[in-house]
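Have a look at the structure below, then the notes.
The values are calculated or read from the model by the stated rules, or taken from the named source; none is laboratory data. Everything numeric in this text was worked out from a predicted model, so none of it was measured. A quick note on method: Cβ atoms are made from the backbone with ideal geometry, for glycine too, and the neighbour counts reach across all protein chains shown.
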């Protein structure tokens, strides 16, 4: 986690697989601001890139020191999490909205939902590529952020498309929970 003593930094997100392409500046940070807390709080990959716009003086808090401070001052961790709950990052908001549609996540605590959310991995699937195939053990929950996914079943040796899923569709959330064997296949037909 970094604390800005002086200077100006831009927070940049890259919407790799969304409706918007390229990078987008979402906010400016100045002396007294901080960044990098999401990665420390949820033990996840960085959710944004921060670029210095000019000469900056920063202080760095390591994961080890962060844990030590958290043990001594648990209210500090709660305060940071309260701030994260309010973030309006478009990717976070998309995931939050759609994860809350999964029945077993509807009543979990906000912190648990954020833990799930920040550990989702964005991936781009090429047109024609299978996301998973019939007979495989279910190994993930998928939320369609953009493109079209076709759901296929095997009938008399042929694959038959039975449904098309679009932005916001959730795939495999029940089978993943119990580690079931997939009885359908899912294939990307448009990115």
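When you check residue 96 against the structure, is it surrounded by 14 or more Cβ atoms within 10 Å (Cβ to Cβ) and free of Cβ contacts under 8 Å to residues at least 24 places away in the same chain, yes or no? Break it down stepwise before answering.
Numbers: surrounded by 14 or more Cβ atoms within 10 Å (Cβ to Cβ): yes; free of Cβ contacts under 8 Å to residues at least 24 places away in the same chain: yes.
Yes: the conditions hold for residue 96.
Give me a count of the residues in region 12-32 that are modelled with pLDDT of 90 or more and either at negative phi or surrounded by 14 or more Cβ atoms within 10 Å (Cβ to Cβ) (or both).
4
Looking for whichever is in the same structural domain as residue 168 (by TED's automatic domain parsing) and modelled with pLDDT of 90 or more here; the options are 109, 134, 97, 68. Which one fits?
Checking each option against the conditions leaves just 134.
Give 128, 147, 168 a once-over and let me know the one that is within 17 Å of the chain's Cα centre (by Cα) and on the phi > 0 side of the Ramachandran plot. So that I can check it myself, show each step before the final result.
On the way: 128 fails: within 17 Å of the chain's Cα centre (by Cα); 147 fails: within 17 Å of the chain's Cα centre (by Cα).
It is 168.
Return yes or no: is residue 125 within 30 Å of residue 85 (Cα to Cα) and not assigned by TED's automatic domain parsing to the domain that holds residue 105?
In short, yes.
Residue by residue, here is whether (1) within 26 Å of residue 96 (Cα to Cα); (2) not in a helix (DSSP H, G or I) holds:
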position: 47; (1), (2): yes, yes
position: 50; (1), (2): yes, yes
position: 58; (1), (2): no, yes
position: 65; (1), (2): no, no
position: 70; (1), (2): yes, no
position: 75; (1), (2): yes, no
position: 78; (1), (2): yes, no
position: 83; (1), (2): yes, no
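In contact (Cβ under 8 Å) with a residue 40 or more places away in the chain and surrounded by fewer than 12 Cβ atoms within 10 Å (Cβ to Cβ), is that true of residue 48?
no
Within the bounds of region 33-43, is there any residue that is closer than 23 Å to residue 124 by Cβ and at pLDDT below 90?
Checked against the condition, which is being closer than 23 Å to residue 124 by Cβ and at pLDDT below 90, region 33-43 yields no hits at all.
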